[in-house]
Amino acid sequence: MIQTLTAKQVADQLDAVFFGNETMEVSSVTHDSRQAREGALFVAVRGLTMDGHRFVEDVMRRGASGIISELDAPEDFSGAWLKVSDARSALAKAASVIYGNPSHDLKLVGITGTNGKTTTTYLCFALAESNAEKAAMLTTVEYRIGDKSEAAVRTTPEASDTNKFLREAVIEGCKTAVMETSSQAIDLHRCDWLKFRVAIFANLTRDHLDYHLTMENYFDAKKKLFDGRIGEKPASSVINIDDEWGAKLANDLKANGQRVLTFSQNSTADLTAENIEVSLIKGTSFLLKTPNGERNITSPLVGKPHVYNMLAATSAGLELGFDLDKIVEGLRTCVGAPGRFERVEHDGDFAVVVDYAHSDDALLNTLKTAKDLTTGRIITVFGCGGDRDKTKRAPMGEVAGKYSDLVIVTSDNPRTENPLKIIEEIEVGIQKTNCPYLSISDRREAIHQAISKAKPNDVVLICGKGHETYQIIGNDKFHFDDREIAREALDKLKED
């Protein structure tokens, strides 16, 4: 339950140096000054672009009980001041304490990996429901408790928002909760002090190197979810050993005496998939082998990458005590996350697919899936986000050129970068291949051009934005949905 504690009691839990009024009551904690109300502790985080200390006077005027900070209390401060060594870590622990450690009251699953987190989250949610358990999930797309949903703000919320959400899930009767845990969120202490029943490692490929700088740093950030550096070690770790980083992680954890369940498509593991068949019309089927028996799986999800997602979710489900036959039913009915190899339905003789792939490895997986499904050409439309990892731009161009018959390079979310400059950096990679390509910075026009050039049996892949319903140009956000634009282009094609 949410507790009403005194600020001094919270300080004692945080090992904080306490100044001021010991009797101030606390019923919430936040890093967002706009959410600081009466009874709130405001955590003044010093970020890259904003210093929370700027808002201290404002939140105290609005009735906040006190401040958590890495700095000493100002003279004559009238509320409660908790001085800590790390504000972000303190935010996480304070949130767990104030909201009554809600992760302890749930079977919490955390999923990390460069690709596949969102779909695996949706699958785990579906498996809980197929086993008659009300569930909650935090994803890149949405935050959901049972059948109540709201649009996601970020992949992994701040610790205060996560704990508040998990407490609400407990109140609403949820038994299971599933969340994506991004490497940056782990590194920024957003997942500290959460008790994970199962932690899943999907894969690790190049992405976010603008933040982590090296693959070793990127791996180490994800490893924190498994080895106890963010709090308790998970009861079970589920790991893809076809991934070289996953194999290393599994060996490290086993050497530490931790419980590990492995999955693979290519080698011996606890859970495996054999006789995989993929169809753009029928979806995916395979023979699932588990410690609890073998089952034939059919799924509406399309592609071998989704087989990894299903193996991961099944592994987690077994560790949570779910019935295997009910797991099979959940896999059969789950349509996955929006914008993940999502087909745009139309009555033409070629396929149009929207996918979230925004790294070179994700794009490679999507292109390979398309290659397995078509006898025609692959026309790929994609761009790269501005103000994000630049190291993947040329590699994405090269991957697109190697596996496509025509590439149309366009804008993604250019943000404050020059879209033409981003396109030039992608072109460097395409030019290493023999693939013809067009550069069209207007994304709407690029999608229209791709669809107008499609012939029977072709696949038009529109990659990078997936479920997103906006485009960010400069500092402005505009409504833009690849699926809507594709339908618009298909309608125009019929008119012509």
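Considering the range 193-224, and only residues there that are in contact (Cβ under 8 Å) with a residue 12 or more places away in the chain and of a type in the set (Ser, Thr, Tyr), the residue that is farthest from Pro102 (Cα to Cα) turns out to be Thr205.
Screening Glu427 with (1) under 25 Å from Arg340 (Cβ atoms); (2) charged (D, E, K, R); (3) out of contact with any strand residue (DSSP E or B) (no Cβ under 6 Å at 6 or more places or on another chain) gives one miss only, at (1). Cβ-Cβ distances below 8 Å connect the following pairs, each with a first residue in the range 311-322 that is of a type in the set (A, V, I, L, M, F, W, C), a second residue that is in a loop (DSSP other than H, G, I, E, B) and at pLDDT 95 or above, and a separation of six or more residues or different chains: Leu311/Gln265; Ala312/Ala202; Leu318/Pro291; Leu318/Asn292; Leu320/Arg197; Phe322/Asn131.
Please enumerate the residues belonging to the range 235-265 that are touching a Gly at 6+ places or on another chain (Cβ under 9 Å) and among the aliphatic types (A, V, I, L, M). Answer for the range 235-265, where residues must be touching a Gly at 6+ places or on another chain (Cβ under 9 Å) and among the aliphatic types (A, V, I, L, M): just Ile239.
Here Ala273 qualifies as over 16 Å from Val178 (Cβ atoms) and among the hydrophobic types (A, V, I, L, M, F, W, C).
Just the residues that are assigned to a helix (DSSP H, G or I) and either touching a residue at least 60 places away in the same chain (Cβ under 8 Å) or closer than 25 Å to Tyr470 by Cβ (or both), please, taken from the range 383-410.
Within the range 383-410, Lys390, Thr391, Lys392, Arg393, Pro395, Met396, Gly397, Ala400 meet the criteria.
Every residue, every condition in (1) among the β-branched types (Val, Ile, Thr); (2) under 19 Å from the mean Cα position of the chain (by Cα), yes or no:
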position	(1), (2)
Ile276	yes, no
Leu280	no, no
Leu301	no, yes
Glu342	no, yes
Glu345	no, no
Ser359	no, yes
Ala370	no, no
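Take the conditions farther than 29 Å from Ala7 by Cβ and without any contact (Cβ under 8 Å) to a residue 40 or more places away in the chain and apply them to Ser149. Does it pass? So Ser149 passes the test. The single residue among Ala199, Ala152 that is aliphatic (A, V, I, L, M) and farther than 30 Å from Arg37 by Cβ turns out to be Ala199.
Close contacts from the range 49-75, counting a first residue that is among the polar types (S, T, N, Q) and a second that is loosely packed, with under 13 Cβ neighbours inside 10 Å, with Cβ to Cβ under 8 Å and a gap of 6+ residues or different chains, come to Ser65/Glu38.
Would you check if Thr162 is out of contact with any Gly (no Cβ under 7 Å at 6 or more places or on another chain), closer than 16 Å to Ala95 by Cβ and among the hydroxyl-bearing types (Ser, Thr, Tyr)? Yes, satisfied. Of the helices (runs of 4 or more DSSP H) lying entirely inside the range 123-224, those containing at least 2 residues that are at pLDDT below 95 and in contact with a His (Cβ under 8 Å, 6 or more places away or on another chain) span 183-187. Within the range 306-323, how many residues turn out to be surrounded by fewer than 24 Cβ atoms within 10 Å (Cβ to Cβ) and under 15 Å from Phe286 (Cα atoms)? Residues that pass the stated criteria total 1.
Among the residues of the range 145-175, which ones are surrounded by fewer than 18 Cβ atoms within 10 Å (Cβ to Cβ) and not hydroxyl-bearing (Ser, Thr, Tyr)?
Correct list: Gly146, Asp147, Lys148, Glu150, Ala151, Val153, Arg154, Glu168, Ile171, Glu172, Gly173, Lys175.
Only residues that are at pLDDT below 90, of a type in the set (S, T, N, Q) and surrounded by 13 or more Cβ atoms within 10 Å (Cβ to Cβ) were counted in the range 1-34, giving 2.
One line per residue, one yes/no per condition, for (1) in contact with a Lys or Arg (Cβ under 7 Å, 6 or more places away or on another chain); (2) over 30 Å from Thr314 (Cα atoms); (3) surrounded by 17 or more Cβ atoms within 10 Å (Cβ to Cβ):
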position: Ala44; (1), (2), (3): no, yes, yes
position: Gly52; (1), (2), (3): yes, yes, yes
position: Gly63; (1), (2), (3): yes, yes, no
position: Asp72; (1), (2), (3): yes, yes, no
position: Arg88; (1), (2), (3): no, yes, yes
position: Gly116; (1), (2), (3): no, no, yes
position: Tyr122; (1), (2), (3): no, no, yes
position: Thr139; (1), (2), (3): no, no, yes
position: Tyr143; (1), (2), (3): no, no, yes
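Of the residues making up the range 79-100, those that are assigned to a loop (DSSP other than H, G, I, E, B), closer than 30 Å to Tyr211 by Cα and out of contact with any strand residue (DSSP E or B) (no Cβ under 9 Å at 6 or more places or on another chain) are Ser85, Asp86. Has the range 71-78 got at least one residue that is aliphatic (A, V, I, L, M), touching a Gly at 6+ places or on another chain (Cβ under 9 Å), part of a helix (DSSP H, G or I) and over 30 Å from Leu311 (Cα atoms)? Scanning the range 71-78, I find no residue that is aliphatic (A, V, I, L, M), touching a Gly at 6+ places or on another chain (Cβ under 9 Å), part of a helix (DSSP H, G or I) and over 30 Å from Leu311 (Cα atoms), so the answer is no.
The values are calculated or read from the model by the stated rules, or taken from the named source; none is laboratory data. The structure presented is a predicted model; accordingly, all values stated were derived computationally and were not measured. Every residue, glycine as well, gets a Cβ built from its backbone with ideal geometry; the counts of neighbours run over all protein chains shown.
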